[in-house]
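Let me begin by presenting the structure, written as structure tokens, before commenting on it.
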Amino acid sequence: MNPNPSAMTRRVQELWALVVAQNQRLSRRRFAIRFGLDPQAFNDWVSGEAEPSLPNLKLLGKVFGVPWEWLLIGDEGLGVLKRWDSAKRPTTDIKELARDHPPETRGVVPHRR
């Protein structure tokens, strides 16, 4: 086991501990096989020897019933994401940009005859 695990590894370990608390006879190997995970990879993720790739992180989120983003960035990071998501994002729609910003405000000088 890695003596200095990452925050993501600690969250995976925390979830695994909850699973084991509910079913003490369940091994990492049986759990991994049951949910279609590679047993060695799952063992490495829980022990902190490796971190899951993004597709595997998404799969772990589904298996544990948590947002995969939480596994990656934790509660504090999710709060930042929620605040950013609720803010009005800049538009990339060219028609909306043109409507909201007349030509002279876009640095374009209108042609005058």
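Could the peptides 25-31, 55-61 be put in order, highest first, of the mean number of other beta-carbon atoms found within 10 Å of their residues? Numbers along the way, then the final one.
Working: 25-31: 13.4, 55-61: 16.4.
Put in order of decreasing packing, that is 55-61, 25-31.
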- Query: Between residue 47 and residue 7, what is the label-to-label distance in nm when each label sits 7 Å out along the Cα-to-Cβ direction?
  - Reply: 2.6 nm
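Compute the Rg to Rh ratio over the stretch 1-59 from the alpha carbon atoms, using the Kirkwood formula for Rh, and round to two decimal places.
The Rg/Rh ratio comes out at 0.94.
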- Item | Rounded to whole Hz, the Karplus (6.51, -1.76, 1.60) HN-Hα couplings of the stretch 46-57, x for glycine and proline | 5, 7, x, 6, 8, 10, x, 5, 4, x, 6, 5
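None of the figures in this text is laboratory data; all of them are computed from the coordinates on show. Note that the structure is a prediction, hence the values are computed from the model and not measured. For neighbour counting, all protein chains shown are included, and Cβ atoms are generated from backbone atoms with ideal geometry for every residue, glycine included.
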